Amino acid sequence: MSRGVSIIEARISDEAKGWRLDRALADAVPTMSRERLKALISSGAVSDPAGNLVRDPSRKIDGGLLFNIVVPDPAPAHNEAQDIALNVVFEDEHLVVIDKQAGLVVHPAAGNFDGTLVNALLHHCGGSLSGIGGVARPGIVHRIDKDTSGLMVAAKTDRTHVGLAKQFADHSIDRRYKAIVTGRPMPREGSVDAPLARSPQNRKKIAIVAGGKRAVTHYRTLTRLNEAALVECRLETGRTHQVRVHMASLGHPLIGDPVYGRTKQVHRPILETIGFHRQALHAARLGFIHPVKSIALAFDSEMPADMQELFSKLDV
């Protein structure tokens with residue numbers, strides 16, 4: 001079945017005189033990302049006031065001109081929609097906030113081509129996905145490890161995807177995790193400012209590496225436990241495995257972390273008794289500005305049952 005198209009008329013503002021065409025169109029059509037418009041221009045989907053196709057995204061233009069953009073309907077996603085249970089804490093026509101369960105992979109990849117959050121969102125959102133980059137798929141702007149639970153936001157539209165991605169890039173998102181770590185951090189609160197990158201010794205691990213991407217974690221102890229502690233970690237940046245690596249660097253790895261931690265002898269019987277087999281990490285708070293409605297949103301999530309049980313067994 002052939003895909004349909006829609007025609008968008010975009011009038012360039014007077015202020016955009018002398019701008020690149022892709023930038024000026026992104027200003028005129030805020031529902032579409034600049035990258036998406038750049039691709040459409042290059043594919044011959046944009047025409048000038050005389051009806052001539054314009055294929056150069058960098059072309060400088062005058063203000064006040066009217067351009068036509070031929071936009072194909074979103075192509076079907078390559079991934080399969082699957083009916084997987086989701087805990088939706090907020091949703092509108094622009095985005096959806098999920099409280100992800102531990103064990104759920106976020107994005108299809110080698111070894112996990114289905115059964116992921118993306119597959120679940122394709123089923124849940126159905127026809128409400130207007131297309132990210134021309135494909136009817138959810139816009140994943142951040143990820144949580146498979147065995148970490150907690151709050152995530154996904155975009156339904158290009159405009160929302162761009163707006164959320166900018167906030168993550170600006171580090172203006174309020175992201176706070178609860179972690180149960182081995183030992184009791186001293187001082188009880190502080191910050192870790194240490195760059196992260198792939199470990200030169202083991203490419204499957206993240207490590208503190210000079211020249212890596214800047215990574216900052218602010219932690220504070222909430223409760224002291226039996227040779228352990230419940231801590232809150234506020235992310236100033238959001239790097240892969242950031243909390244896990246930074247807390248391990250302090251000598252307080254997350255309990256149950258199979259990569260960066262080593263289980264203390266005193267904790268082994270507890271973990272075996274309750275069957276706790278993951279890093280004790282939960283994304284407990286997520287706050288951001290709605291990219292379309294420009295209102296502040298904030299969500300909190302209680303620790304899931306398995307972490308609450310671990311906490312109660314360690315509480316002394």
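The values are calculated or read from the model by the stated rules, or taken from the named source; none is laboratory data. None of these values were measured; they are calculated from a predicted model. Heavy atoms of the whole protein, side chains included, go into the accessibility calculation; ligands, DNA and RNA do not. Shrake-Rupley method; radii C 1.70, N 1.55, O 1.52, S 1.80 Å.
Report the relative contact order of the chain, percent, no decimals, based on alpha-carbon pairs under 8 angstrom and at least 6 residues apart.
14 percent
Defining a contact as two alpha carbons under 8 Å apart and six or more residues distant in sequence, what relative contact order in percent does the stretch 252-304 show?
Details: 53 pairs, mean separation 14.5, N = 53.
Across the stretch 252-304, relative contact order equals 27 percent.
Bins of 5 Å, beginning at zero and ending with the bin holding the largest distance: percent of Cα pairs per bin for the stretch 115-225, please.
In whole percents, the pair-distance histogram is 2, 9, 13, 16, 18, 16, 12, 8, 4, 1, 0.
In the chain, carbon and sulfur make up what percent of the accessible area (probe 1.4 Å)?
The value for the chain is 48 percent carbon and sulfur by accessible area.
Could you report the chain's accessible area per residue, 1.4 Å probe, as an integer in Å²?
Here the per-residue accessible area is 49 Å².
Using only the C-alpha atoms of the chain, find the volume of their convex hull and express it per residue in Å³.
Here the figure is 159 Å³ per residue.
Quick one: check the C-alpha center-to-center distance for the stretch 89-106 versus the stretch 16-64, whole angstrom.
Comparing the Cα centres of the stretch 89-106 and the stretch 16-64, I get a distance of 34 Å.
If you look for lysine pairs in the chain that are eight or more places apart or on different chains, how many of them have Cα atoms under 21 Å apart?
So the count works out to 20.
What's log10 of I(q)/I(0) for the stretch 187-271 at q = 0.11, 0.26 Å⁻¹, Debye sum over Cα points only, no solvent?
Log-scaled intensity ratios, in q order: -0.31, -1.31.
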